[in-house]
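Peer 1: I have a structure here, written as C-alpha cells, and I will follow up with some questions on it.
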Amino acid sequence: MTASPILTRQSTHGAVPGPTAADGPDDLVEVAWHYGDPLGEQRTAERSAVIVDRSDRAVLELPGPERLTWLHTISSQHVQGLPDRTSAENLSLDLNGRVEEHFVLTDVDGVTWIDTEGARGGPLLDFLTKMVFWAQVQPGARPDMTVLTLIGPDVVRGPIAELLELTPDAPVYAAGDLPELHHEEEPIGFWRVMPPIGEGGRIPVVDLVIPESSADAWWTQLTDAGARMAGTWAHEAHRVAALRPRLGVDTDDRTIPHEVNWIGDPSEQGAVHLDKGCYRGQETVARVHNLGKSPRRLVLLHLDGSADERPVPGDPVTAAGRAVGRVGTVVDHFELGPIALALVKRAVGADVDLLVDGEHPMSARIDPDSVRADDRPQAGRVAIERLRRGPADS
C-alpha cells in the first residue's frame, strides 16, 4: 500500500506522531505532534513563523444559491449576508442550547467551505444533510481537501506573505485566493486569517485550505520561504495560552456557548451572534445573556509539573475534595510550563487550591488573568429593576 502524502510529509522529516484516539478526536488522520524540538517549535512560532500540518481537520463544502440564508436559519452565527472571501466561526446547538458542533466557514466564489474536528466531520455532514429540506444547497464531504496552519509574526510580512499574496492589512476572518503553483493551471484553495493565539492573543495565525494533492508543494515552498516545520503541540500550546477552546476536548455534553467564550458577532471573534434568532437553542442563549450567568467558565490552569505523567481531558477538578469542574487540553508550554484549560464552577476563585484528580493527580491553580470580568449590566435584569421601581416621581 502506498503511503499517504500526510505520512510521507511527516516521515521524511522525522516527525513524532500525535496523541492517540484515546486522548482526543485525532483518530482519523495521524498528524505530527512535533519534529524533535517541541519547545523550540513553540518559541519559533512566537518569534518568527512555523507551519503545522492540520490534516486531521474534516473539510466540507456547501454549494448552492441558498447556502448562506439556509445556514443562517440552522446555526448560531449571522451569515446570511456574509461577504465573499470572508470567514466566521459557527455553532450548532441542541434544544437546550448546549454545543453540539463548532466549525469554521469561509465563503468563496459561491461555495461555503467548512472545516471542523476530524471526528465531527461525519456527524456535522449528517446534520446539515438532514436539514436541507427544500433549500437549494448540497452539503458534501471533501476528503481531498486539507488544512495547513501558519503561526507567527513572519507569516503576515516578508517572504511568506509575499508567497501567499497575503494582503498586509487583512483583518481577522478575511480570506483570499492563493497564487498559482508552478504545476497548476489555475489557483486552487484559499488563505484565511484566524484570531491570533499565544499569551495575550498576539501571535498571527493564517490557515490554508487546499487540495491534499498540492499540500506537499505548498509545504516545500513555505518552508523554503522561512517557515519552520512544527507539530500540533506548538499550535495547542499557544491556543491554550490564548484561552481558545477546542470542541470535544475543552467542552463536554453540557457546555453552553457562554462558558467557553463563544458569544459575540464575528468582529468579536465569537461564534454566536446575539442580534439574530430563529435557531435551535436560541432561548437558552438569550436567557443566560439577559438574565443570568453561565454555571461554569473556561479558565487557564497552571499545573504542578513535578510529575512525569499528565492529566487527560475529562479528568475531574476538585477543591477540598469537592468536584468543581473538568480539565480539557493539557499541554507543556515553553515558558509557562504545564498548563491546561478547564471548565470550573463560576464561584471558584483564582485563590483556591485545586487538584486535577484523575489517574495522575496534580495540584493546580487558576491563572487570575484568565478569569474574565463579567460585570456588564444585563438587559433583562435592568428591565426587571425598572418595573420593580415603578414610574419615577414627578
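Peer 1: Name the single residue that is surrounded by the most Cβ atoms within 10 Å (Cβ to Cβ) among those in region 337-374 being assigned to a strand (DSSP E or B) and within 19 Å of the chain's Cα centre (by Cα).
Peer 2: ALA342
Peer 1: Over 27 Å from TRP233 (Cα atoms), at pLDDT below 95 and among the basic types (Lys, Arg), is that true of ARG376?
Peer 2: Yes: the conditions hold for ARG376.
Peer 1: So, in region 107-118, exactly how many residues are among the β-branched types (Val, Ile, Thr) and either within 14 Å of the chain's Cα centre (by Cα) or not assigned by TED's automatic domain parsing to the domain that holds ALA141 (or both)?
Peer 2: Restricting attention to region 107-118, the residues satisfying the condition of being among the β-branched types (Val, Ile, Thr) are 108, 111-112, 114, 116.
Pick out the ones that are also either within 14 Å of the chain's Cα centre (by Cα) or not assigned by TED's automatic domain parsing to the domain that holds ALA141 (or both) and you get 114, 116.
Selection size over region 107-118: 2.
Peer 1: So which of MET131, MET229 ends up being in contact with a helix residue (DSSP H, G or I) (Cβ under 7 Å, 6 or more places away or on another chain), modelled with pLDDT of 95 or more, in the same structural domain as ARG47 (by TED's automatic domain parsing) and under 18 Å from ALA45 (Cα atoms)?
Peer 2: Testing whether each residue is in contact with a helix residue (DSSP H, G or I) (Cβ under 7 Å, 6 or more places away or on another chain), modelled with pLDDT of 95 or more, in the same structural domain as ARG47 (by TED's automatic domain parsing) and under 18 Å from ALA45 (Cα atoms) leaves just MET229.
Peer 1: Something else about it: I need the strands (runs of 3 or more DSSP E) fully contained in region 1-101, keeping only those with at least 3 residues that are buried (at least 18 other Cβ atoms within 10 Å of the Cβ), in the same structural domain as PRO245 (by TED's automatic domain parsing) and modelled with pLDDT of 95 or more.
Peer 2: Strands (runs of 3 or more DSSP E) meeting the threshold: 50-53, 57-63, 86-93.
The values are calculated or read from the model by the stated rules, or taken from the named source; none is laboratory data. A quick note: this is a predicted structure, and the numbers were derived from the prediction, not measured. Virtual Cβ from ideal backbone geometry, glycine too; neighbours counted across all protein chains shown.
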